[in-house]
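J.: Before anything else, here's the structure in question.
The values are calculated or read from the model by the stated rules, or taken from the named source; none is laboratory data. Because the structure is a prediction, the values reported are computed rather than measured. As a convention, Cβ positions derive from the backbone with ideal geometry for all residues, glycine included, and neighbour counts pool all protein chains shown. Heads up: the accessible areas ignore ligands, DNA and RNA and are worked out on the full protein's heavy atoms, side chains in. Shrake-Rupley method; radii C 1.70, N 1.55, O 1.52, S 1.80 Å.
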Amino acid sequence: MTLSIANVTFDCENAGALAGFWAELLELPVDEEASEFFATVGRASGRSPVLMFIQVPDKTPGKNVVHLDLHAPQWREQVERAVALGAKHIADFDEYGQQWTTLADPEGNLFDIGAA
């Protein structure tokens, strides 16, 4: 039996709000019954993996850091769109024949957008 990715989970302060950011960025709806405590994006549309957001009182120091790598043919336009939605531009990279931009979502979770 093989493993498969079911969810990418974000510990956060406001699950519904952060799910809204990621839903807009990925042009998907936030799944029904989202709240400040728990929300998902992608479950209703059958997308995999599902993004899951869970409110936690404190982000655990030393916990594994997970980030998403997103790709698009017009990746620079997507970087601009992410910033307009509330992301913070961290840095641009051009290494090993690959180009990408690192950003942070409204709660500081890092993600990359690069050339497809």
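J.: Given [x] -0.88, -0.97, -1.43; [y] -0.85, -0.96, -1.72; [z] -0.98, -1.06, -1.42, which label gives log10 I(q)/I(0) by the Debye sum over Cα atoms at q = 0.17, 0.18, 0.24 Å⁻¹ as computed from the coordinates?
T.: Calculated log10 I(q)/I(0) by the Debye sum over Cα atoms at q = 0.17, 0.18, 0.24 Å⁻¹: the matching label is [x].
J.: For residue 13, what accessible area in Å² do you get when you roll a 1.4 Å probe over the heavy atoms of the protein chains, rounding to the nearest 10?
T.: That residue has around 130 Å² of solvent-accessible surface.
J.: Oh, and also: Using DSSP to call loops (not H, G, I, E or B), can you name the chymotrypsin sites (Phe, Trp or Tyr not before Pro) in region 27-116 whose Cβ has at most 15 other Cβ atoms within 10 angstrom? Present the calculation step by step, with values, prior to reporting the outcome.
T.: Values: sites: 37, 38, 53, 75, 93, 96, 100, 111; in loops: 37, 96.
Qualifying residues, ordered by number: 37, 96.
J.: Give me the percent of accessible area attributable to carbon and sulfur for the chain, probe 1.4 angstrom.
T.: Numbers: 3970 of 7540 Å².
Ligands and nucleic acids excluded, carbon and sulfur reach 53 percent.
J.: How big is the dipole moment of the chain about its Cα centre under a simple scheme where the beta carbon of each Lys and Arg is +1, that of each Asp and Glu is -1, and everything else is neutral? Debye, nearest 20, please.
T.: With Lys and Arg at +1 and Asp and Glu at -1, about 200 debye.
J.: Calculate how many DSSP beta bridges within the chain are antiparallel, expressed in % of all such bridges and rounded to the nearest 5. Intermediate values should be presented prior to the final figure.
T.: Numbers: 17 of 28 bridges.
Percent antiparallel among DSSP bridges in the chain is about 60.
J.: Once you have the Cα-Cα distance between residue 48 and residue 4, take 0.36 nm times their residue separation minus that, and quote the gain in nm to one decimal.
T.: Taking 0.36 nm per residue and subtracting the Cα distance, the gain is 14.9 nm.
J.: Can you give the accessible area per residue of region 1-111, in Å², using a 1.4 Å probe?
T.: On the way: 7380 Å² over 111 residues.
Counting only protein heavy atoms, the per-residue value for region 1-111 is 66 Å².
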